[in-house]
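Novice: Before we start, here is the structure in question, set down as structure tokens.
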Amino acid sequence: MQLTQLPMLLAQVTVEDLEREKIFLQHNYEYLSWGLTAAWIILVVYVLMMIGRQNRLKREISSLRAMLEEKK
Amino acid sequence: MQFFRQVFVVAAKDLRAEFRTKEAINASFAFALVILLMFSFAFDIPVETARDISGGLLWIVFAFAGTLVLNRSFARELPNDCLDALIAAPVSGAALYLGKALANYVLVLAVELVSLPVFSIFNNLSVTGQFWELLLVLALGTWGLTVIGTIFSALTVNIRLREVMLPMLTYPILVPALMGAMQLTSALVAGKPIGADNEAWLKMLIGFDVVYTAVSLVLVETVLVG
Amino acid sequence: MTNKILYVLGIAALAILVWNIYTIARLPEETRQGEVFKIIFFHVPMAITAMIAAAVALIASVGFLLTKNFKFDALAVAVTEVGLAFLAGNLVTGSIWGREIWGIWWAWDARLTSALVCWLLYAGYLMLRRAIEEPTQRATFAAVFSIFAFIDVPIVIFSIKWWRTQHPQPVFWAGGSFPPDWTKHFLWNMLAMALLGAVMIAVRLRQEESQRELDSLRRMAHAL
């Protein structure tokens, strides 16, 4: 592209174009952060589910052990 | 030779039992009719659209109605412990499986062949334009449906929620086969021949059938005996 | 002892991931897609981890059918469950990216559809396990289903590819648009994600062990 064409091109860019580009970039940030949040939430929820199961298992095992001791 | 005779005996037994009671095939056909009727008034479709989506509509009906037949396939053997007797009989698991699959194939295909003209009448569509090609697609797609359906019928026969589990497990696995069959059926009903652009689907259907028949025959012994 | 190692590894993986959020936020914008392109740092490692998990699930399932050793069964469940969580993350991040770049949350495109079908298949695996009480039968049937599901994955992928494709082609290999100096960060994230998955699988395996202990305790309680 020749340098003389640049003013012509710039003249074609309107205020609305710039506005639109700005909104697009802002959206971009928003969606990126949503995406990252969603990925993290899924991992955290899965970890919480595992912790819940762990606690349940521990509780049941200890209560069964106690019951068996008593019966003996 | 012995193997094929056993397959034939099992298939004949299943078909005879089915034709005496007709419970699965009647339910399946009635269900297919109801879905076809529902489609007809759910979407008030012009003929051109109906032609384009005919494959999708038909195969959804076939998959739903077929599941009813397949669900009964092994569940029928539960009363009086017939299933245990069958497994204990001097018949290999593969022969038992293939025999049952063959019987199911005949039943599902029968339901399909009756639903097809009904569909054609309800939607003012001619399906006889390329009848033999359509029959080939039906045969291949239905074999995929029955191969998967029969092995999973054996798998789910003893578990809780059998009626729900069978479609839940089979439909995702059937996705490629159903998609191929839908594409080909739509093309054939619309009058396009099987050519360069949809030949790949036909190959895929054949491949699906062959692969899953082989895998099922290998694994069926494990499923039945444990 | 092993518990401590597991926790340390898990915390290390999380630390790398958190630190990476900071570093990728400071990378310049990608020229065509802007910031949202950076979702790839989570999207792709999650997909790769899930794929590895599916392959391990197949190996474990075949291993169970051959040896009838319940360790393989435990591995198969652990791997499938963790893989499912990662695939869910992959689907959701992809969907959010699609909303920004394509303008729609979901397209019935080849990779999205096949990923969703995979997710449904392996979710079916977990449902099947829940429906069976008897441990040997549960393990056998689940292993059979896992083999069927794994064979289905390539067929699904190829068939849907013929159907339609909209998903961007891989950006890493020759001619791809992935900035070369970003590769280092990407590999770190990949490593962290795989490590996190491995730790989760290890924890889940221990839970399966506890579950078996619980079952045997129950049997003892019954016998008394």
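Novice: Pull up the cross-link candidates among the aspartates and glutamates for A:Lys72, meaning alpha carbon to alpha carbon under 20 Å and not fewer than 8 places away within one chain.
Specialist: Straight-distance partners of A:Lys72: A:Glu60, C:Glu213, C:Asp215.
Novice: While we're here: How much length is gained on full extension from B:Leu78 to B:Lys192, taking 0.36 nm per residue of separation minus their Cα-Cα distance?
Specialist: Details: separation 114, 0.36 × 114 = 41.04 nm, distance 4.62 nm.
Gain on extension, B:Leu78 to B:Lys192, equals 36.4 nm.
Novice: Another question about this same structure. Compute the Rg to Rh ratio over the stretch A:33-72 from the alpha carbon atoms, using the Kirkwood formula for Rh, and round to two decimal places.
Specialist: Values: Rg = 17.4 Å, Rh = 12.3 Å.
Rounded to two decimals, Rg over Rh is 1.42.
Novice: Please work out the FRET efficiency for the pair C:Val62 and C:Glu209, using the Cβ-Cβ distance as r and a Förster radius of 22 Å; give the result to the nearest 0.05. Please report the intermediate quantities before stating the final value.
Specialist: On the way: r = 21 Å, r/R0 = 0.97.
Efficiency for this residue pair is about 0.55.
Novice: How large is the helix-only mean residue ellipticity at 222 nm for chain B, computed as the sum of -39500 (n - 2.57) over DSSP H runs with n ≥ 4, divided by its residue count, in deg cm²/dmol to the nearest 500?
Specialist: About -29000 deg cm²/dmol.
Novice: Applying 1/(1 + (r/R0)^6) with R0 = 51 Å to the Cβ-Cβ distance of B:Ile121 and C:Ile5, what FRET efficiency is obtained, to the nearest 0.05?
Specialist: Values: r = 70 Å, r/R0 = 1.37.
Efficiency for this residue pair is about 0.15.
Novice: Which listed residue (A:Ile61, A:Val47, A:Leu36) has the Cα farthest towards the positive end of the charge dipole for the stretch A:33-72, taking +1 on Lys and Arg C-beta and -1 on Asp and Glu C-beta about the Cα centre?
Specialist: Of the listed residues, the answer is A:Ile61.
Novice: Filter the cross-link list A:Lys58/C:Lys4; B:Lys100/B:Lys203; A:Lys22/C:Lys38; C:Lys4/C:Lys38; C:Lys4/C:Lys68 down to pairs whose alpha-carbon distance in this structure exceeds 28 Å.
Specialist: Values: A:Lys58/C:Lys4 18 Å; B:Lys100/B:Lys203 25 Å; A:Lys22/C:Lys38 18 Å; C:Lys4/C:Lys38 33 Å; C:Lys4/C:Lys68 31 Å.
Where the Cα-Cα span goes over 28 Å, the pairs concerned are C:Lys4/C:Lys38; C:Lys4/C:Lys68.
Novice: Over the stretch B:2-225, what relative contact order in percent results from Cα pairs under 8 Å that are six or more residues apart? Before the final figure, lay out the partial values.
Specialist: On the way: 243 pairs, mean separation 65.9, N = 224.
The normalised contact order for the stretch B:2-225 reaches 29 percent.
Novice: Going toward the positive end of the dipole of the protein assembly as shown, with +1 on Lys and Arg Cβ and -1 on Asp and Glu Cβ, which of B:Ala50, C:Ala88, B:Val175 do you reach last?
Specialist: Towards the positive end, the residue furthest out is C:Ala88.
Novice: While we're looking at this one, here's another question. Treating the stretch B:2-225 as a set of equal point scatterers at the Cα positions, no solvent, please give the Debye-formula log₁₀ I(q)/I(0) at q = 0.08, 0.14 Å⁻¹.
Specialist: -0.29, -0.85
Novice: If you don't mind, another one. Dividing the convex hull volume of the Cα atoms of the stretch B:35-91 by its residue count, what figure in Å³ per residue is obtained?
Specialist: Numbers: hull volume 4.7 nm³, N = 57.
Spread over its residues, the Cα hull of the stretch B:35-91 gives 82 Å³ apiece.
Novice: Please check which bits of the stretch B:186-226 a label hung off C:Ile151 would reach, taking the label as a point 7 Å along Cα-to-C-beta and the cut-off as backbone N under 16 Å.
Specialist: Counting backbone N atoms under 16 Å from the label point, the list is B:204-224.
Novice: Report the far tail of the P(r) of the protein assembly as shown, meaning the percent of Cα-Cα pairs longer than 44 Å. Walk me through the numbers on the way to the answer.
Specialist: Numbers: 39427 of 135981 pairs.
Percent of Cα pairs beyond 44 Å in the protein assembly as shown: 29.
Laboratory data are not the source of any read-out in this text; all were calculated from the coordinates shown. Predicted, not measured: the structure shown is a model, and the values here were computed from it. Cβ: placed from backbone, ideal geometry, glycine included. Neighbour counts: every protein chain shown.
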